[in-house]
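Working notes, beginning with the structure itself.
The values are calculated or read from the model by the stated rules, or taken from the named source; none is laboratory data. None of these values were measured; they are calculated from a predicted model. Don't worry about glycine lacking a Cβ; one is built from the backbone with ideal geometry, like all the others, and counts go over all protein chains shown.
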Amino acid sequence: MARTYAYLARYAFTEENYTQAITYYQLSFENYKKVNSRSGQRIALYNLAEIHLKIKNYEKADYYVNETLKISNEANDVIYQFFINQLKFNIEFDRKNYKEALSVTNLLLQLATKEKNLQNISEAYQKHLLVYKVLGDTSNAFLMLEKISMLKDSIYNTEIAKHSADLLKKYESEKKEQQISFLDKENKFKTDKLFQEHLLNEALLRENKLKDNEIKQSMLLQEGLERENTLKKKELDKELLLNKALNSKNELMLENSNNERIVRWLMIICLTVLVFLGLNYYRNYRNQKLANTKITKQAEELKVLMKEVHHRVKNNLQMIMAMLRMQVRVLEDQQAIEALQNCENRLQSIAIVHEKLYKSQNTTAVLVKDYLQEVLDVLVQQYKTFVPNIVCSLEDETKISTNIDTAIPLGMIVNELVTNSFKYAFKDVASPIITLRLVSITTNTYQLIITDNGSGLPNHQLPTNHHTLGLKLVHLFTEQIGGNISYKTKDGACFTIQFQISTLVL
């Protein structure tokens with residue numbers, strides 16, 4: 001399986017599909033690893049390094065070369081170490097890391113010297129020469145050239161000597177074999193000599209006859225080719241005459257059709273201009289249509305995204321409120337329980353806004369009446385055990401819609417003031433009533449009036465130091481929407497929050 005992956009990788013490499021080649025070599029490496037074939041692993045890693053060098057991924061190439069060297073160092077294979085370090089030199093030289101490349105060439109020279117391989121020593125000197133040329137070290141480059149030249153002579157003489165020795169051994173061996181064969185066959189040859197001479201004469205006669213027939217066939221073929229050439233020459237002469245006649249006719253036709261050609265070109269130019277103008281108009285129309293489609297699609301995607309955002313915010317707030325309710329169940333301190341319930345109410349006011357937005361077709365505008373009515377319903381549901389016969393109402397003369405930055409502060413103001421009424425206003429009131437009114441003062445100026453028939457604030461005036469967190473939050477949220485708050489006692493408490501907003505269309 002490992003060899004099969006290696007063949008597939010080599011084929012992919014030949015087709016320059018380097019990504020596929022890397023995948024197959026990695027699979028080959030894993031299979032060689034399973035059978036603990038160190039040699040196969042080494043070959044796969046070497047090829048991976050070579051491919052990564054090919055695609056200029058030097059970090060990967062360097063990693064695979066180092067892994068290959070680890071295996072070769074374990075096996076103490078000097079020959080393979082030399083070839084792997086040659087690849088390492090190519091990597092460093094290709095990414096212009098010349099100092100490291102020079103270090104690798106020194107190692108190549110050591111390995112070649114250890115192996116006593118003149119060819120590899122010459123290769124190491126040539127690598128030195130490449131680096132010295134790039135670095136501009138002419139003295140060392142000249143020295144390397146001299147060493148390479150000397151080695152070439154040594155290699156040539158060594159190869160000649162080796163070749164001569166091999167030829168001599170081969171000649172002596174063949175000579176002995178021939179002598180033995182000659183002695184074995186000499187007797188048989190003598191007995192068959194007359195018969196063989198007879199057969200040879202017959203074969204020579206047959207061969208002569210065949211050669212005579214071949215000569216005759218060649219002569220016939222040559223005569224046929226000569227006749228064919230003569231016929232072709234005559235056909236060419238006829239074609240030349242015909243071409244001359246056609247050329248003369250064409251010249252006459254060209255002279256007669258000059259005026260027609262001018263008119264035709266004028267018509268073509270006019271049609272071309274009309275086509276160009278039409279195509280330009282169509283292209284502009286199509287581009288505008290595509291732009292409009294893209295804008296519409298982006299608006300729809302943004303709308304869906306805003307709904308998803310509001311939905312997630314509402315869910316996160318609901319999760320926080322659930323954790324607050326769980327915390328209330330394990331607390332015994334009434335003050336801490338009350339503080340957590342107040343936090344839950346405030347979070348509920350914010351969550352309602354986001355719920356309204358993600359359920360609405362318009363993800364940026366909230367109808368103020370619906371939002372405040374839902375906040376009021378939640379508070380009534382929570383405090384109905386403390387004030388069971390409460391009557392709450394909301395009157396809206398404005399039918400305004402606003403954005404989240406104004407809606408949330410309004411909801412928080414209602415939450416704080418209505419909660420205070422539930423807690424402190426109706427201790428001695430038989431028929432408690434809370435009323436909310438939205439009134440329009442001018443085009444963009446509105447009032448939110450919150451009244452109850454309770455006992456009212458102490459001293460019948462709004463405190464200035466804001467000892468309670470609720471009233472402090474009311475003032476902060478009023479400032480946030482650029483409004484002001486006033487208070488008076490009129491058969492109970494009466495808060496008036498005046499603010500300015502630009503209404504939004506739902």
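Evaluated against (1) of a type outside the set (S, T, N, Q); (2) surrounded by 17 or more Cβ atoms within 10 Å (Cβ to Cβ); (3) modelled with pLDDT of 85 or more, Val366 falls short on exactly one condition, (3). Taking first residues from the stretch 480-491 that are assigned to a strand (DSSP E or B) and partners that are at pLDDT below 85 and not aliphatic (A, V, I, L, M), the Cβ contacts under 6 Å between residues at least 6 apart in sequence or on separate chains come to Thr489/Gly456; Thr489/His460.
Among the residues that make up the stretch 441-448, is at least one of them in the same structural domain as Val378 (by TED's automatic domain parsing), in contact with a helix residue (DSSP H, G or I) (Cβ under 8 Å, 6 or more places away or on another chain), farther than 24 Å from Gln382 by Cβ and assigned to a strand (DSSP E or B)? So far as the stretch 441-448 goes, no, none of its residues is in the same structural domain as Val378 (by TED's automatic domain parsing), in contact with a helix residue (DSSP H, G or I) (Cβ under 8 Å, 6 or more places away or on another chain), farther than 24 Å from Gln382 by Cβ and assigned to a strand (DSSP E or B). Is it true that some residue in the stretch 45-60 is within 18 Å of Gln110 (Cβ to Cβ) and in the same structural domain as Asn106 (by TED's automatic domain parsing)? Looking through the stretch 45-60, none of the residues is within 18 Å of Gln110 (Cβ to Cβ) and in the same structural domain as Asn106 (by TED's automatic domain parsing).
Restricting the stretch 46-68 to residues that are of a type in the set (Val, Ile, Thr) and surrounded by 16 or more Cβ atoms within 10 Å (Cβ to Cβ), the residue that is nearest to the chain's Cα centre (by Cα) is Ile51.
Scanning the stretch 481-506 for residues being at pLDDT 90 or above and out of contact with any strand residue (DSSP E or B) (no Cβ under 7 Å at 6 or more places or on another chain) gives a total of 0.
Is there a residue in the stretch 158-168 that is outside the structural domain of Arg95 (by TED's automatic domain parsing), loosely packed, with under 10 Cβ neighbours inside 10 Å, at pLDDT below 80 and out of contact with any Phe, Trp or Tyr (no Cβ under 8 Å at 6 or more places or on another chain)? So far as the stretch 158-168 goes, no, none of its residues is outside the structural domain of Arg95 (by TED's automatic domain parsing), loosely packed, with under 10 Cβ neighbours inside 10 Å, at pLDDT below 80 and out of contact with any Phe, Trp or Tyr (no Cβ under 8 Å at 6 or more places or on another chain). Scanning the stretch 456-474 for residues that are at pLDDT 75 or above, part of a loop (DSSP other than H, G, I, E, B) and among the aliphatic types (A, V, I, L, M) yields a single hit, Leu457.
Candidates are the residues of the stretch 125-139 that are assigned to a helix (DSSP H, G or I) and over 41 Å from the mean Cα position of the chain (by Cα); the one that is surrounded by the fewest Cβ atoms within 10 Å (Cβ to Cβ) is Ser139. Tell me which residues, restricted to the stretch 106-124, are small (Gly, Ala, Ser) and under 44 Å from the mean Cα position of the chain (by Cα). Correct list: Ala124 only.
Look at the stretch 1-21: where a residue is assigned by TED's automatic domain parsing to the domain that holds Lys34 and a partner is in a loop (DSSP other than H, G, I, E, B), sitting 6+ places away or on another chain with Cβ atoms under 6 Å, you get Tyr18/Ile55. Within the stretch 372-381, the presence of a residue that is assigned to a loop (DSSP other than H, G, I, E, B) and either at pLDDT 90 or above or surrounded by 15 or more Cβ atoms within 10 Å (Cβ to Cβ) (or both) is excluded. Here Leu436 fulfils each of the conditions (1) buried (at least 17 other Cβ atoms within 10 Å of the Cβ); (2) outside any strand (DSSP E or B) apart from (2). Kindly indicate whether Glu260 is among the charged types (D, E, K, R) and either in contact (Cβ under 8 Å) with a residue 60 or more places away in the chain or surrounded by 10 or more Cβ atoms within 10 Å (Cβ to Cβ) (or both). No, not satisfied.
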